[in-house]
1. Considering only residues that are hydrophobic (A, V, I, L, M, F, W, C) and open to solvent by 40 Å² or more (accessible area, probe 1.4 Å), look in the stretch 246-265 and name the one that is farthest from Tyr80 (Cα to Cα).
2. Within the stretch 59-85, track down each residue that is in a helix (DSSP H, G or I), under 24 Å from Met149 (Cα atoms) and open to solvent by less than 20 Å² (accessible area, probe 1.4 Å).
3. Scan the stretch 150-159 and give yes if some residue there is part of a helix (DSSP H, G or I) and exposed (fewer than 12 other Cβ atoms within 10 Å of the Cβ), otherwise no.
4. I'm trying to understand the selection: among the residues of the stretch 39-58, which are surrounded by 12 or more Cβ atoms within 10 Å (Cβ to Cβ) and farther than 15 Å from Arg186 by Cα?
5. Would you please name the residue that is most open to solvent (accessible area, probe 1.4 Å), looking only at residues in the stretch 92-142 that are charged (D, E, K, R) and under 23 Å from Leu252 (Cα atoms)?
6. Any idea which of Ala179, Ala185 is open to solvent by less than 40 Å² (accessible area, probe 1.4 Å), under 29 Å from Phe63 (Cα atoms) and modelled with pLDDT of 90 or more?
7. Can you pull out every residue in the stretch 223-243 that is open to solvent by less than 10 Å² (accessible area, probe 1.4 Å) and either farther than 20 Å from Thr45 by Cα or within 18 Å of the chain's Cα centre (by Cα) (or both)?
8. Kindly check whether there is at least one residue in the stretch 199-213 that is modelled with pLDDT under 85, assigned to a helix (DSSP H, G or I) and open to solvent by less than 40 Å² (accessible area, probe 1.4 Å).
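The values are calculated or read from the model by the stated rules, or taken from the named source; none is laboratory data. All values derive from a computational prediction rather than experimental measurement. For neighbour counting, all protein chains shown are included, and Cβ atoms are generated from backbone atoms with ideal geometry for every residue, glycine included. Remember, those area values only see protein heavy atoms, side chains included, never the ligands or the DNA or RNA. Shrake-Rupley method; radii C 1.70, N 1.55, O 1.52, S 1.80 Å.
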Amino acid sequence: MSTITTVLGTDRARRLRAALTVLLAAAAAVGAPFYFAPFQVFQLTMVLLYAVALAGLNLLVGFGGQISLGHGAFFAAGAYTAAVMLDRYDTGHLATLPVAAAGCFLLGLGFGVPALRLRGLYLALVTLSFAVFLPPLLKRLEPVTGGSMGLTVDKLRPPAWSGLAEDQWMYFVVLAVAAVALLLARNLLRSRVGRALLAVRDNESAAEVMGVRLALHKTVAFAWSAMFAGVAGCLYTWVIGFVSPDSFGFVLSITLLAGLVVGGLASLYGPLLGAAFVMYVPSVSQDLSEAAPGVVFGLLIITVMFVAPTGLAGLPRRVLGAVARRAPRVATATAPDRRPEADSTPDPEADPQAGTESSVTLTPAASAVADAEPVGAQPRTEKE
C-alpha cells in the first residue's frame with residue numbers, strides 16, 4: 001500500500017511540475033512581445049515558425065527513423081501556396097492556412113511512396129533531389145509564381161480592436177498556430193500512430209510481426225511531416241511578405257535537419273531548441289566573422305554535438321547524470337577512515353583474565369599442531 005501511495009505521489013508531483021513549467025513558459029511567451037524590441041520580436045516569431053517545421057521533421061526522422069533532406073521543398077510549397085492565393089486570388093490570410101496544410105499533406109502522401117522501398121542514404125538522396133529541382137521549377141512557372149522575381153504580398157495586419165503593433169500581432173498569431181501544432185504533434189506521438197512509428201523505427205521486422213502496417217505508417221509519417229512544413233511555409237509568407245525561389249534552396253533543407261539534430265531527435269522540446277539554433281546561430285556567426293560565417297556556423301555545430309551528442313534537449317539529463325555518478329566518488333574519497341585501530345594492550349576491565357592467561361580456543365587442527373613433538377625430540381613411550 002505504501003508503495004502505491006509513493007508511486008501516486010511521485011506521479012502527482014511530476015504532473016504538478018509539468019503544469020507549473022507550462023504556465024511559466026506561457027506567461028513568458030505572452031509577455032515577450034511587450035518587453036523586447038520590434039526586431040527581437042520578429043526573431044522570436046521566426047523561431048516559432050521554424051519550430052513548427054522541425055516538429056514535423058521530428059515526426060519523420062526522430063520518431064519514424066527515416067532521413068529526409070528535402071523538407072525545404074515542402075516548406076516552399078506551403079509558402080508559395082499562401083503567396084499565390086494572396087496575390088492571384090486576393091483571399092484572406094487565414095484562408096490560406098488550411099489550403100497549404102491540405103496541399104502539403106497530399107504532396108507528402110505522394111512523396112511517401114518511395115519511402116516504402118527505400119531507406120537510409122537512398123531515401124535521403126531521393127528527398128534531396130526534390131529539394132534541388134523545385135527552385136528551378138518555380139522559376140519556370142513564371143505566370144503563377146512570378147519566376148525569379150518572386151511574389152510580394154501584404155503582411156498580416158492587426159485589427160483595430162487589438163491595439164497591437166504589427167510585429168506583436170504577428171507574433172501572437174504565429175504563437176497560437178505553433179502551440180496548436182506542437183500540441184497536435186505531442187498527441188499524435190502518444191497515439192497508436194506514434195507507437196507504431198516507434199516500433200517501425202526500432203525494428204521493422206518485429207513491428208510487422210506485431211501487426212503494424214509498414215506501408216501505411218511510413219506514408220502517413222511523410223504526409224504529417226510535410227503538412228507541418230507546409231504550415232510553417234504559410235506562416236513564413238505571412239511574416240516576410242515575400243517569396244522567391246532562391247529563398248528555398250537545398251541549403252534550407254540541410255539547415256532544418258541540422259537544427260533538429262542539434263536540438264535533439266525524438267524529443268518534444270528538441271524542435272524549439274533547434275529552431276532557436278537555426279535562427280540565432282547564423283546571425284552570431286555573421287557577427288563573429290563577416291568573411292567566413294559558414295565556417296563559424298560549422299564549428300559551432302561541431303562544438304554543440306561534442307558537448308551534447310544527444311542534442312541540447314538531452315544536455316540537462318546528461319549533466320545531472322554526470323553529477324550523480326561523480327558525487328559518490330567524491331564522498332568516498334573525502335570520507336575519514338572510521339575503522340577501529342588495533343590496540344596491542346588488552347583492557348583488563350573488559351577481560352578479567354587478560355594479562356594473566358590468554359584464553360585461546362584451539363581448533364582440532366590447531367590442537368594437533370600443539371600436541372606435535374618438537375623436531376629432534378625422543379620418541380614417546382606408551383607410559384608417557
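1. In the first step, residues of the stretch 246-265 are kept if they are hydrophobic (A, V, I, L, M, F, W, C); the result is 248, 250-252, 254, 256-258, 260-262, 265.
This time we only want the ones that are open to solvent by 40 Å² or more (accessible area, probe 1.4 Å), so: 250-251, 254, 261, 265.
Values: Phe250: 16, Val251: 18, Ile254: 20, Val261: 27, Leu265: 28 Å.
The qualifying residue farthest from Tyr80 (Cα to Cα) is Leu265.
2. Within the stretch 59-85, the first condition is being in a helix (DSSP H, G or I), and the residues that meet it are 59-63, 71-85.
After this cut, where a residue has to be under 24 Å from Met149 (Cα atoms) as well, the list is 71-85.
Within the stretch 59-85, His71, Gly72, Ala73, Phe74, Phe75, Ala76, Gly78, Ala79, Tyr80, Ala82, Ala83 meet the criteria.
3. Of the residues in the stretch 150-159, the ones part of a helix (DSSP H, G or I) are none.
Looking for residues that are part of a helix (DSSP H, G or I) and exposed (fewer than 12 other Cβ atoms within 10 Å of the Cβ), one finds none in the stretch 150-159, hence no.
4. Let us first name the residues in the stretch 39-58 that are surrounded by 12 or more Cβ atoms within 10 Å (Cβ to Cβ), namely 40-58.
Across the stretch 39-58, the qualifying residues are Gln40, Val41, Phe42, Gln43, Leu44, Thr45, Met46, Val47, Leu48, Leu49, Tyr50.
5. Start the filter on the stretch 92-142 by keeping residues that are charged (D, E, K, R), which leaves 117, 119, 139-140, 142.
With under 23 Å from Leu252 (Cα atoms) added as a condition, the list becomes 119, 139-140, 142.
Working: Arg119: 145, Lys139: 78, Arg140: 196, Glu142: 114 Å².
By that ranking, first place goes to Arg140.
6. Working: Ala179 fails: open to solvent by less than 40 Å² (accessible area, probe 1.4 Å).
The unique qualifying residue is Ala185.
7. Ala223, Ser225, Ala226, Phe228, Ala229, listed by residue number.
8. The answer is yes; a qualifying residue exists.
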